[in-house]
Amino acid sequence: MGDELRVGLIGYGYAGRTFHAPVITTVPGLKLVKVVQRSGTSSKVRYPWVEVVDHVQELYRDDTIDLIVVTTPSTDHYEFVKDALLAGKHVIVEKPFTVTAGEADRLIALTKEQGKVLSVFHNRRWDGDFLTVREIVRKDLLGRISEAEFCWDSYRPTVGANWRDSDSPGAGVFYDLGVHLLDQALTLFGMPATIDAEIRAIRDNAVASDYFNVVLGYEDGLRIRIKSSPLVREHGPRYVLHGTQGSFVKYGTDPQEKALIDGETPLKPNWGVEPETMWGTLNTSIAGLHYVGRVRTIPGSYTSYFQNVYDAITGRTELEVKPEQARMAIRMIELGIMSSYERRTVEVTP
């Protein structure tokens with residue numbers, strides 16, 4: 001294999017045109033060459049060198065394509081990933097990985113059989129605020145963490161017409177946004193012992209869940225709350241962590257998504273940099289001194305996700321977002337749905 005990896009993109013909806021194509025095309029070594037669009041050729045307007053095709057078989061049959069990126073609705077992930085692996089391709093798939101942990105297990109087994117790299121697009125590990133939280137935890141600046149809250153609220157009182165608001169398998173906010181917060185909690189603290197979830201629809205005419213309030217319980221007493229509501233017009237903190245030495249509170253959201261929506265790319269200077277007004281507040285004890293002040297947010301970097309996948313495929317480094325990790329988040333979703341339906345705390349099992 002040469003240094004360049006040729007990439008095929010399945011889907012050019014919101015995820016494909018916003019998060020994937022603009023970032024892939026800025027990563028040295030990755031070359032976007034084909035895009036599957038079942039109607040229209042809008043991808044060619046922005047990327048005139050790509051070939052637009054209307055069927056995924058055009059990607060599977062192309063022996064020059066090394067990596068396939070699946071950006072379709074989550075209901076279709078299992079079949080597209082399976083077929084791409086069987087075609088001998090490396091694969092990136094949008095989150096959520098699959099609808100069930102059983103589907104994830106089968107794809108993980110197939111990945112090993114095919115000897116390919118499979119990764120799930122948990123790009124929110126490269127949000128600047130989460131990168132900052134991760135360093136605060138790694139450096140033990142808060143002591144033993146006793147509780148934390150990760151919140152993803154919005155104000156969207158009207159139900160949309162997209163697949164996320166449908167009654168399809170894998171739709172709803174817990175699969176869409178909850179999987180990101182679960183992945184972040186698992187990345188920081190590992191698998192919990194219990195999950196206690198409330199997942200429901202709170203907007204008029206909603207058919208998919210649009211609200212969740214979930215508590216992850218750990219054996220050492222740690223409690224992680226993840227929450228999302230579409231009826232929050234006045235936002236609270238995005239991250240709150242409390243520990244034996246102090247607290248960290250962070251408002252606001254990573255600027256990369258808005259920048260990508262606005263047509264910008266990671267090639268822009270100061271990409272992912274937050275203004276000082278959005279920096280989080282740290283109140284803690286350091287070396288016997290009481291410190292209260294702002295912490296500069298680490299710049300976000302979605303490019304780093306794709307760079308890592310490139311490096312893993314070419315044998316330069318270990319894969320950051322492993323399918324086994326993404327499968328853990330799907331299992332937590334299953335257990336959370338069980339907890340909510342049965343209205344009880346559920347023990348976490350593999």
Per residue, the convex hull volume that the Cα atoms of the range 188-318 enclose (Å³): 216
Lysine pairs in the range 5-121 with Cα atoms under 24 Å, if 8 or more residues apart or on separate chains: 18
Taking the range 5-121 and dividing mean pair separation by its residue count, relative contact order in percent (alpha carbons under 8 Å, at least six apart): 24
Amide hydrogen neighbours beyond the local backbone of L5, cut-off 5 Å, H modeled: L30, K31
Mean ellipticity per residue at 222 nm, deg cm²/dmol - from DSSP H runs of n ≥ 4 across the chain, formula -39500 (n - 2.57): -8000 deg cm²/dmol
Sorted by Cβ neighbour density within 10 Å, fewest at the top, the residues T297, T158, T41: T158, T41, T297
Translational D in µm²/s for the range 192-245 (Stokes-Einstein at 20 °C, 1.002 mPa s, Kirkwood Rh from C-alpha pairs): 164
Longest site-free stretch - the chain; sites: GluC sites (Glu not before Pro), DSSP loop, at most 12 other Cβ within 10 Å: 1-218
Per-residue HN-Hα couplings for the range 235-252 [Karplus 6.51, -1.76, 1.60; θ = phi - 60°; Hz; x = Gly/Pro]: 6, x, x, 7, 10, 9, 10, 10, x, 5, 9, x, 9, 9, 10, 9, 9, x
Inverse of mean 1/r across different Cα pairs in the range 5-121, Kirkwood, Å: 14.1
Average Cα contact separation per residue, the range 101-243, under 8 Å, 6 or more apart, as relative contact order %: 31
Globularity ratio of the chain, using Cα Rg and 2.2 N^0.38 Å: 1.00
Net length gained if the chain between R106 and H235 were fully extended (0.36 nm per residue, minus Cα distance): 42.5 nm
Residue-count net charge about R344 - beta-carbon cut-off 13 Å; Lys, Arg +1, Asp, Glu -1: -3
Modelled label reach - Y155, point 7 Å along Cα→Cβ, the range 195-232 residues with backbone N closer than 17 Å: 203-204, 229-232
Spin-label zone in the range 207-238 - amide nitrogen under 14 Å from a point set 7 Å from the Cα of S146 along the C-beta vector: 221-224
Pairwise FRET efficiency - F189 versus H290, Cβ, R0 = 22 Å, nearest 0.05: 0.25
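Laboratory data are not the source of any read-out in this text; all were calculated from the coordinates shown. Just so you know, these numbers come straight off a predicted model, no measurement behind them. Please note: Cβ atoms are built from the backbone with ideal geometry, for glycine as well, and neighbour counts cover all protein chains shown.
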